Amino acid sequence: MGKKYDIPETKPQMADEPVVAYTVKPMPLHLDITLEDNAMVADIKKAIKMIKGIASVRTLPVKQDNVITPSLARKIEKARKDYAEGRYTECKTKEELEAFLEAL
């Protein structure tokens, strides 16, 4: 986790030294919003800009993540092993597939 506040180091003060005060400023945050309907982008951007404290609003394309995680790799390997050992259901027609899925 990153540092939330930038607070300068202080040294112990002697009784006759003036008191020094620091203003603690939180670091800016980034909010990520994914929209299902691109037609909403303009209205959403206008609404967000009206909120006090918003520094900027940008539109970025969603990056497709095609990374196979270790968990997904294990599931793929198990499915391949099940298939090789004959542990699967074969459906040759659309009707067979629909009947199989309805039975689940």
What are the pairs with Cβ atoms under 9 angstrom where one residue, in the stretch 84-104, is at pLDDT 90 or above and part of a loop (DSSP other than H, G, I, E, B) and the other, located anywhere, is basic (K, R) and open to solvent by 100 Å² or more (accessible area, probe 1.4 Å)? Sequence gap at least six, or different chains.
R87/K81
Candidate set: the stretch 28-40, residues that are open to solvent by less than 100 Å² (accessible area, probe 1.4 Å) and not β-branched (V, I, T); chosen: the one modelled with the lowest pLDDT:
L35
Is it fair to say I68 is open to solvent by less than 90 Å² (accessible area, probe 1.4 Å), free of Cβ contacts under 8 Å to residues at least 24 places away in the same chain and either of a type outside the set (D, E, K, R) or not in a loop (DSSP other than H, G, I, E, B) (or both)?
no
Picking from K45, K52, K63, the residue that is at pLDDT below 90, part of a helix (DSSP H, G or I), within 30 Å of P28 (Cα to Cα) and of a type in the set (K, R) would be K45
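The values are calculated or read from the model by the stated rules, or taken from the named source; none is laboratory data. This structure is a prediction, so every number in the text was calculated from the model and none was measured. Virtual Cβ from ideal backbone geometry, glycine too; neighbours counted across all protein chains shown. Surface accessibility is based on the protein's heavy atoms, side chains included, excluding ligands, DNA and RNA. Shrake-Rupley method; radii C 1.70, N 1.55, O 1.52, S 1.80 Å.
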